[in-house]
Amino acid sequence: MAVTSDERRRNVRIFEDLEELSRAAAQEFLELAARKVAAGGVFTAALSGGSTPQRFYQLLATPEFSLPVRWPHIHLFQADERCVPPDSPQSNYKMIREAMLDHIPLPASNFHRMPAEQPDRESASSQYAADLRQTVQDSQAGWPRLDLVYLGMGEDGHTASLFPGTSALKETSRAVCPNWVEKLSMWRITLTRPVLNAAARVIFMVSGGEKSGMLRQVFEDVQIPPRFPAQLIQPENGELAWYVDKAAASRLSR
């Protein structure tokens, strides 16, 4: 079933700027993690790359947000990764490590890095899917059910490494798969749509005026099937929220 524009709009929070947006995302991480750990569980989250979430990761590493977190009970995954070495400037892992991981007491084994630099991308994807299933409890539909997933959105409507017109959009049997992105001439590894839609909560973080046109299309284009990968993220038995700053929201109709 397609999600209507009005339904998407009800799930939007508009912030003054990226700083305010990032603080809200960090606060939500704290609250959801505390609730899950207090109930005796392990909190699991998937993190995205890109420029927008970097400030969010930096905030999580500050004492204000880091000290209350019971990090041994937290497991962090990657939503996607470029097929480059982990020390490459293009690596999502490198950005997350430098912004956050180097500054928090998360046990090394509790960050689950995508081994996307491996030449055998199918094997790397299978390894990561097995790691995901070993750590994260399954949903009723049989997919790993992450507690929280942070996603971004590109100017072309892509999210994670699910790009328009790529084969990974059609994946329905694997939790993780490699994806060739022709316009970037690059392989990537990504969580697939079924896993993203099995999450308990998904938060899109969108910042900047350059995203405003696409954000409007994602909200108001109701074609079936959906035109843009970001529109395919519709959690089943979960919650979806859009955290956007004023610049990104500037072309949304009232």
> Of all residues in the range 27-60, how many are in a loop (DSSP other than H, G, I, E, B) and under 26 Å from I189 (Cα atoms)?
Replying inline: 7
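One line per residue, one yes/no per condition, for (1) modelled with pLDDT of 95 or more; (2) buried (at least 17 other Cβ atoms within 10 Å of the Cβ); (3) under 26 Å from V84 (Cβ atoms); (4) not basic (K, R):
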position	(1), (2), (3), (4)
S161	yes, yes, yes, yes
S167	yes, no, yes, yes
V176	yes, yes, yes, yes
S207	yes, yes, yes, yes
S212	yes, yes, no, yes
Q223	no, no, no, yes
Q231	yes, yes, no, yes
V244	yes, yes, no, yes
L252	no, yes, no, yes
>> Just to be sure before I move on: is P68 in a loop (DSSP other than H, G, I, E, B) and surrounded by fewer than 19 Cβ atoms within 10 Å (Cβ to Cβ) in the structure I sent?
In response: yes
>> I want to confirm something. Restricting to the range 199-222 and keeping residues that are without any contact (Cβ under 8 Å) to a residue 60 or more places away in the chain and not in a helix (DSSP H, G or I), which single residue is nearest to G154 (Cα to Cα)?
In response: F204
> Do we find a residue being more than 19 Å from the chain's Cα centre (by Cα), surrounded by fewer than 18 Cβ atoms within 10 Å (Cβ to Cβ) and more than 23 Å from L191 (Cβ to Cβ) anywhere in the range 107-115?
Replying inline: no
>> Where the second residue is part of a strand (DSSP E or B) and among the aliphatic types (A, V, I, L, M) and the first is more than 27 Å from P194 (Cα to Cα) and in contact (Cβ under 8 Å) with a residue 60 or more places away in the chain and lies in the range 238-254, which pairs have Cβ atoms under 7 Å and are six or more apart or on separate chains?
In response: K246/I14; A249/I14
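The values are calculated or read from the model by the stated rules, or taken from the named source; none is laboratory data. These numbers were taken from a predicted model, which means no experiment stands behind them. Neighbour counts run over all protein chains shown; Cβ positions are idealised from the backbone, glycine included.
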